[in-house]
Each structure stands twice: as C-alpha cells, then as structure tokens.
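First comes the structure, then the notes that go with it.
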Amino acid sequence: MVNRELEALLAVQADDAAIREIEARRDALTPRLALLDATQKRAVEEVARTESALERELTRQRVLDTRLAETRVLHERSATALANAERLSEAAAAAGQVEVTRRALADGESEALALARRVTDLRTALAAHREVLAQVSTDQGDARAELERQRASIEAELATARARRQLSAAGVAAGLLSKYDRIAARRRADALIEVRDFCCSACDTAIPLQRRPLMASGSVIEPCEGCGVLLYQRAST
Ligand SMILES: [Zn+2]
C-alpha cells in the first residue's frame with residue numbers, strides 16, 4: 001500500500017525536478033531580454049530627449065520672431081517720428097527711441113542667429129539618434145525573435161511537464177502530497193529522501209534505533225528529525 005504510494009510520490013518528485021530544470025532555463029532568458037530592453041530604452045530616451053530639446057528651441061524661436069517683429073515696428077515708428085520731428089526736443093526724444101530699438105533689434109537678431117545654430121545642431125543630433133534607434137531595432141529583431149522562439153518552446157515543455165506531474169500526483173493521498181509540496185517548496189529541491197545506512201541522505205542525521213525496524217520494512221514515509229524531509233527506505237535494503 002505505502003509502496004505503491006511511495007512509487008507514485010517518487011514519480012511526482014521526478015516530475016518536479018524536471019519542472020524546476022525547465023523553469024530555470026525559462027528564467028535564464030529573462031536577463032537576456034532585459035539587456036535588449038535596456039539598450040533599446042536608452043536609444044528611445046536619447047531620441048525623446050533630443051526631440052524635446054528641439055521643441056523647446058523652436059518655441060523660443062517663435063517667441064523671439066514675434067518679439068523681433070514688434071521691435072521692428074517700434075523701430076520704424078521711431079525712425080518715422082525722427083524724420084517728422086519739428087522741434088529739437090522731439091527730435092532728441094525720437095533719436096533716443098531709435099537708438100533703443102536699434103539696439104534691441106541687434107540683440108534680438110544675434111540671439112536669433114544663435115538659436116538657429118542650436119536648432120540646426122539639434123536637428124542633426126536628432127537624425128543621428130533616430131538612425132541609432134532604427135539600427136538597434138534592426139539588430140535586435142533577430143535576437144528577440146530567437147528569444148521568443150525559445151520562450152515559446154520552453155513554455156510548451158513546461159505545460160507538458162506540469163500535465164505529467166498532475167497525472168503522477170493523482171496516485172498520492174492528498175495529505176501526504178500537501179506535506180511533500182510544503183517541504184519541496186521550502187527546499188526548492190527533493191523533499192522525499194532515501195535512507196542510507198539508517199541515516200538521512202540529506203542531512204546525515206541517524207534514524208533513532210526504535211524507528212529502524214519500521215523504516216526497514218519499507219512501509220512508512222516519515223519526516224527526518226534533523227531536517228524535516230520525508231524519509232523512505234525500500235523494503236529490499
Ligand atoms: Zn535529514
């Protein structure tokens with residue numbers, strides 16, 4: 001009775017080991033994908049940063065253009081006022097105004113030149129960053145497709161292994177299975193351990209003398225007093 005259950009639980013354990021191995025292969029794909037994502041993210045951010053810098057400069061350019069147009073109107077108005085001045089005091093005031101607006105125009109125009117240079121530089125940089133991004137996407141295309149192919153195949157393997165495990169588990173009593181599950185989850189390794197020379201092969205703790213005959217009969221599955229794994233012994237040994 002216990003023997004049949006022992007064999008069933010050993011089958012579950014073998015299935016679990018296979019599942020852990022498949023999961024480890026699946027998890028190993030994650031950092032490779034993360035590396036691709038990080039490279040792409042950097043390229044995307046570079047493009048976005050340059051785009052917004054360009055947008056800021058273009059806005060400043062529009063504001064400056066408006067201000068320059070207004071200053072030009074003021075300048076023409078004061079030049080007209082100077083030309084039409086009839087009294088000396090009027091002429092002096094208009095000349096002062098002409099000078100102020102002339103200087104404002106000169107300042108605005110040199111600022112416009114500097115802005116235009118920055119806009120040109122940013123457009124050049126943006127084109128370069130976009131090219132890098134396109135190159136990264138092209139380069140990563142194959143790598144991503146390969147990773148995706150591997151992931152899909154591993155997931156399929158995992159589904160098969162889990163289905164097999166479910167079948168194996170059907171042969172084990174619910175109480176024993178949940179005890180096994182708890183220990184296996186904690187250890188992330190085998191929970192059902194064979195007794196060797198009346199010692200637990202996981203922690204080397206000796207089986208107490210009074211428990212040995214029952215253990216040797218192969219009819220019990222009992223927890224190790226040292227590490228808590230489930231111990232079994234085959235009747236023949
Ligand atoms: Zn032990």
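Read-outs: derived from the displayed coordinates by stated rules, not from any lab. These numbers were taken from a predicted model, which means no experiment stands behind them. Backbone-built Cβ (ideal geometry, glycine too); neighbour counts: all protein chains shown.
Built from the Cα atoms of segment 82-237, the convex hull projects on average onto 23.5 nm², one quarter of its surface area.
Over the chain, what is the relative contact order in percent, taking alpha-carbon pairs closer than 8 angstrom and at least six residues apart? Kindly include the intermediate steps, with their values, before the conclusion.
On the way: 199 pairs, mean separation 68.0, N = 237.
With pairs under 8 Å counted, the relative contact order is 29 percent.
If you wrap the tightest convex hull around every Cα atom of segment 76-166 and split its volume per residue, you get 147 Å³. Think of the chain as a dipole: +1 on every Lys or Arg Cβ, -1 on every Asp or Glu Cβ, centred on the Cα centre; then among ALA169, LEU105, ALA34, ALA169 lies furthest on the positive end.
Can you list the GluC sites (Glu not before Pro) in segment 1-41 that are in a DSSP coil and have 11 or fewer other beta carbons within 10 angstrom?
Values: sites: GLU5, GLU7, GLU21, GLU23; in loops: none.
Counting only loop positions with at most 11 other Cβ atoms within 10 Å, none of the GluC sites (Glu not before Pro) in segment 1-41 qualifies.
Measure nothing but the geometry: give the 0 to 90° angle between the long axis through the Cα atoms of 174-187 and the longest principal axis through the Cα atoms of the chain, rounded to 10°. Tilt of helix 174-187: around 50 degrees. Computed over segment 113-179, the percent of Cα pairs more than 18 Å apart is 69. Counted residue by residue at 0.36 nm each, then reduced by the alpha carbon distance between them, the extension gain from GLU90 to LEU10 reaches 17.9 nm.
Please report the antiparallel percentage of the DSSP beta bridges confined to the chain, to the nearest 5. Walk me through the numbers on the way to the answer.
Numbers: 5 of 8 bridges.
Restricted to the chain, the bridges split so that about 60 percent are antiparallel.
In plain terms, the chain is cut at each of the trypsin sites (Lys or Arg not before Pro) found in a DSSP loop with at most 12 other Cβ atoms within 10 Å, and the longest leftover piece is 88-187. Helical content of the chain, expressed as a calculated mean residue ellipticity at 222 nm, amounts to -29000 deg cm²/dmol (DSSP H runs of 4 or more residues, -39,500 (n - 2.57) each, divided by residue number, nearest 500). Applied to segment 76-87, the Karplus parametrisation 6.51 cos²θ - 1.76 cosθ + 1.60 on θ = phi - 60° returns per-residue 3J(HN,Hα) values of 5, 4, 6, 5, 5, 4, 5, 5, 8, 4, 9, 9 Hz, with x for Gly and Pro. For CYS199, the residues whose modelled amide H falls within less than 5 Å of its own, excluding neighbours fewer than 5 places apart on the same chain, are ILE207. Binned at 10 Å from 0, what are the whole-percent values of the Cα-Cα distance distribution for segment 1-90, short to long? The distribution over segment 1-90 is 12, 14, 12, 11, 10, 9, 8, 7, 6, 5, 3, 2, 0, given as percents.
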